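S.K.: Here's a structure for you.
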Amino acid sequence: MKLAFSTLGVPGLPISDVVRLAATHGYHGVELRTHPEEPVHVGMDLSERTDVAAEFKAAGIEILGLAGYARVAAPGDDGPVIAEIRELLELARDLGAPYIRVFPGGGPDQSPEEADATAARRLGTAAEYAADLGVRILLETHDSHRTGADAIRVLGLVGHRQAGALWDVMHTWLGGEQPPSTFAALSPHLGYIQVKDIASADDTTPLPLGTGVLPLTECVELLSREGWDGWLCWEYEKRWYASAAPLEGLLGAGREHLSRLLNESA
């Protein structure tokens, strides 16, 4: 498996510094939070996109994916959501990223069936465009669809190779789903996995990997046993928790922890 980290952990950090951190601490790739307050966003012109891609390529670091904020199950018209996904897909193509992340985002007044159908309809439409660009859309286990069982209801309706899953281990755990159940549901569709650690269900402030309650050891053992060889991406949610320790000082130990889990499970 290859290791990455998300720029959610280093909010606003210039791309040159992001690349340096990845190279210095032995990460193979980076997931780029894609938002107007970050260096990478859909408003970039072509020359800026070319420069970012070249900087990563020169350092031998891969851009794993773009973490966007489109909400595919959200109430409302399809048009704006599909347009947002298309912009993300085009940016991913220009940067050479194989994946974009979308959220479910179902509303409290929707029935599960309505939310599933809305998400599947939009993903099915966007997946056709994604196929032309060579990028996959990954539905994250999050908010209204936080478990693998929730996500597979949508992906099963879509039935398109370019629509897959992003497994966030915190949200499936918070949803009460055990890792074997999540993997069984998502494995045919799995793009990559976001790992993290927290103190408890009531305190989700990010912690250094291996110091909290999330079942990281079990997840890595399961993935190794099943022969899965994709990406593990550390999503340290510093952007949302100002009191959390800076990620820069934790990256080395985090990579060592994941490497140790991988070696022990081999």
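S.K.: Which far-off residues, 5 or more places away or on another chain, put their amide H under 5 Å from the one on CYS233, with H placed in the peptide plane?
M.R.: Amide H to amide H, under 5 Å and 5 or more residues apart or across chains, CYS233 pairs with ALA4, ILE193, GLN194, VAL195.
S.K.: Would you kindly compute the Cα radius of gyration of the chain and its largest Cα-Cα separation (Dmax), both in Å?
M.R.: 17.4, 49
S.K.: Something else now. Where the accessible area of the chain is counted over protein heavy atoms with a 1.4 Å probe, how much of it, in %, is carbon and sulfur?
M.R.: 50
S.K.: How long are the three semi-axes of the equivalent ellipsoid for segment 134-266, computed from the Cα gyration tensor as the root of 5 times each eigenvalue, in whole Å, largest first?
M.R.: 24, 17, 14
S.K.: What does the accessible area per residue of the chain come to in Å², with a 1.4 Å probe and no ligands, DNA or RNA counted?
M.R.: 40
S.K.: Sticking with this structure for a sec: For segment 1-147, what size does the Cα cloud have along each of its three principal axes, sorted from largest down, in whole Å?
M.R.: So the three principal-axis extents are 47, 29, 28 Å.
S.K.: How many angstrom lie between the Cα centre of segment 72-113 and the Cα centre of segment 1-66?
M.R.: Cα centres, segment 72-113 to segment 1-66: 21 Å.
S.K.: What are the GluC sites (Glu not before Pro) within segment 33-98 that DSSP puts in a loop, where the Cβ has at most 11 other Cβ atoms within 10 Å?
M.R.: Those that pass, being in a loop and sparsely packed, are GLU37.
S.K.: Starting from the Cα-Cα distance between LYS57 and ALA199, subtract it from 0.36 nm times their residue separation and give me the gain in nm to one decimal.
M.R.: Between LYS57 and ALA199, full extension yields 47.5 nm more.
S.K.: Antiparallel as a % of all DSSP beta bridges within the chain, to the nearest 5?
M.R.: 5
S.K.: Spelling out what I want: for every residue of segment 116-130, take phi, set θ = phi - 60°, compute 6.51 cos²θ - 1.76 cosθ + 1.60 (Karplus), and round to whole Hz; glycine and proline get x.
M.R.: With the stated coefficients, segment 116-130 comes to 4, 5, 4, 4, 5, 4, 5, 5, x, 5, 5, 5, 5, 5, 4 Hz.
The values are calculated or read from the model by the stated rules, or taken from the named source; none is laboratory data. Keep in mind that what you see is a predicted model, and the values were worked out from it rather than measured. Note that each Cβ is placed from the backbone with ideal geometry, even for glycine, and that neighbours are counted across all protein chains shown. Only protein heavy atoms, including side chains, enter the accessible area calculation; ligands, DNA and RNA are left aside. Shrake-Rupley method; radii C 1.70, N 1.55, O 1.52, S 1.80 Å.
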